[in-house]
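Data first, discussion second: the structure below is written as structure tokens.
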Amino acid sequence: VTETHDIVVIGAGGAGLAAAIEAKAAGADVIVLEKMPLAGGNTLISGAEYAASNNWLQEKEGIKDSVEQHIEDTLKGGDNINNPELVRVVAENALEGAIWLRDEVGVVWEDELMQFGGHTAKRSLVPLGASGKEIITKQLKKAKEMNIPILLNTKATVLITDTNGKVIGVEAEGEDKNYTFNTNKAVIVASGGFGSNVEMRVKYNPDIDNAILSTNTTGSTGDGIVMAENIGADLVGMEHIQTYPICDPLTGTLLYFDDARLYGHTVIVNKEGKRFVEELGRRDVMSMGIKAQTGSVCYELLDQNGFDASKLQENHGPELDYLFKNNLLVKADTLEEAAAFFEIDAKELKATVNKYNSYVKDGKDPEFNKRMLPSTVDTAPFYILKAAPAVHHTMGGIKINTNAQVINKDGKVIEGLYAAGEVTGGIHGTNRLGSNALADIIVFGRVAGQNAAK
Ligand code: ADP
């Protein structure tokens, strides 16, 4: 089947839908291709918190913040290898993007702000239910109202170029037919990252092999990056892959049991019953530390006091049920019994816990310098969680300029091609800060849509 449209958007996640809505609003005829049977991508399964300085809740709460501070935090979080011009576009337009989502798209924001690691101010908005479902549901509703077609189960495979290298269309595979889409104006690549593509991960970073699962949806296979590279696009920062240390060793799903660790209440050990890493260390350091242990897993120990203080039952009851049912979490009256469940060296574990408790009493951990020691681990029953690191975000990807135009290996713009969202590289440097992804994908999704429609 051959069709002609002004603009084809590849990927119906947060970035692609923002681009499609803006392009259509600017008068273009737009179609969206989504390879999965369901729209939403990683955006849908994320918490979707959204960093925006000077937002209305900061104003209400009297929190002082600035665009410059947001830029500084983001650059520092990315070890200063981020492209500062792109970071500036995100930080300067984040608030307007959040207001656009609220007023034009109908997204409901909760009445409370969050503060994520690396951000020096409480500046992150939280969508209704702290879930990307709110963002995607409202974007899809808006797209429907605007008569933007979204073809599900339709996978883009090739970017078509003319003799001058300009992008003039896309080839795609549908469920029972193949398509050639010709474009009058542009193709926008918004197909997300490559966290679920082990081969591609290892190609760019051999450490992130198949011992590491993924928190991402199965659709995050880097298709757009490969398609763009095949027509000469430059890629940046591909080796920078963010892992999250405490995930389900069976599925890779991020575990909210980890709240207990963030509050400081857990001790992490290996099968030999020994600590090996600071429990509140950087995500990457902890992840690689866990990967190096027996079975590439860790065991997180918590006592009843810590369990209660972390509100695990109230906030994450269904997850706890799942973990118990799948033998990933044990509750026992003694440390020995808990250790035996996972065949952890009980004698070593007891010695480790005794030492740890003495550090809590001294207020100082001479072994791993744990930065927060709020509680000893001595009140039965005890809980042990088995966990493993998983890929969470791929920072690298297609090189773009501040207009979301794709740049080729000679540093020149590829005409007719835009990219936005996790598929792009350079914005987050070595390490993306929590809640910066949503700001990025909405801001650059809109920029891509507006410019492509011109
Ligand atoms: P972002 O946060 O950048 O919007 P997401 O992961 O939320 O990224 O969304 C990317 C979407 O692109 C996903 O829904 C994914 O299934 C889709 N996608 C990935 N590769 C292709 C492809 N080749 N053709 C069509 N859609 C794709």
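Only one entry in G16, G27 is on the phi < 0 side of the Ramachandran plot and among the small types (G, A, S), namely G16.
When region 200-226 is filtered for residues that are within 18 Å of N42 (Cβ to Cβ) and away from the ligand (no atom under 16 Å from the Cβ), the ones remaining, listed by number, are I208, I212, L213.
Can you tell which of R275, R283, R261 is crowded, with 17+ Cβ neighbours inside 10 Å and over 27 Å from the mean Cα position of the chain (by Cα)? Every option except R275 fails the conditions.
Might you let me know whether region 80-94 holds any residue that is under 19 Å from P127 (Cα atoms), surrounded by fewer than 19 Cβ atoms within 10 Å (Cβ to Cβ) and at pLDDT 95 or above? Checking region 80-94: not a single residue is under 19 Å from P127 (Cα atoms), surrounded by fewer than 19 Cβ atoms within 10 Å (Cβ to Cβ) and at pLDDT 95 or above. Restricting attention to region 1-59 and to residues that are more than 10 Å from the ligand (Cβ to nearest atom) and within 19 Å of the chain's Cα centre (by Cα), the residue that is surrounded by the fewest Cβ atoms within 10 Å (Cβ to Cβ) turns out to be G47. Every listed requirement among (1) within 12 Å of the ligand (Cβ to nearest atom); (2) surrounded by fewer than 22 Cβ atoms within 10 Å (Cβ to Cβ); (3) within 30 Å of E49 (Cβ to Cβ) is met by E171 save one, (3).
Could you please let me know if A260 is small (G, A, S) and within 16 Å of the ligand (Cβ to nearest atom)? Spelling it out, it is not the case that A260 is small (G, A, S) and within 16 Å of the ligand (Cβ to nearest atom). Could you look through region 410-454, keep only residues that are charged (D, E, K, R) and under 22 Å from T221 (Cα atoms), and pick out the one that is farthest from the chain's Cα centre (by Cα)? Taking the candidates together, the pick is D440. How about region 209-221: which of its residues are among the aliphatic types (A, V, I, L, M) and either within 16 Å of the chain's Cα centre (by Cα) or exposed (fewer than 15 other Cβ atoms within 10 Å of the Cβ) (or both)? Scanning region 209-221 gives I212, L213. Kindly indicate whether any position in region 42-49 is within 30 Å of N184 (Cα to Cα) and touching a helix residue (DSSP H, G or I) at 6+ places or on another chain (Cβ under 7 Å). Scanning region 42-49 turns up at least one residue that is within 30 Å of N184 (Cα to Cα) and touching a helix residue (DSSP H, G or I) at 6+ places or on another chain (Cβ under 7 Å).
Beta carbons closer than 6 Å, at least 6 apart along the sequence or on distinct chains, pair a first residue in region 188-206 that is part of a loop (DSSP other than H, G, I, E, B) with a second that is within 16 Å of the ligand (Cβ to nearest atom) and charged (D, E, K, R) for S191/D223; G192/E422; G193/E422. Within region 133-159, the set of residues being near the ligand (Cβ under 9 Å from one of its atoms) and part of a helix (DSSP H, G or I) comprises I136 only.
I268 falls short on exactly one of the conditions (1) in a strand (DSSP E or B); (2) hydrophobic (A, V, I, L, M, F, W, C); (3) more than 17 Å from Y383 (Cα to Cα), and that condition is (3).
Residues in region 272-307 that are among the basic types (K, R) and either in contact with a Phe, Trp or Tyr (Cβ under 7 Å, 6 or more places away or on another chain) or part of a helix (DSSP H, G or I) (or both): R275, R283, K291. Against the conditions (1) within 16 Å of the ligand (Cβ to nearest atom); (2) hydroxyl-bearing (S, T, Y); (3) modelled with pLDDT of 95 or more; (4) closer than 27 Å to G289 by Cβ, T180 satisfies every one except (4).
The values are calculated or read from the model by the stated rules, or taken from the named source; none is laboratory data. Since this is a predicted model, take the numbers as computed values, not measurements. Quick reminder, even Gly has a Cβ in these numbers, built from the backbone with ideal geometry, and neighbours come from all protein chains shown.
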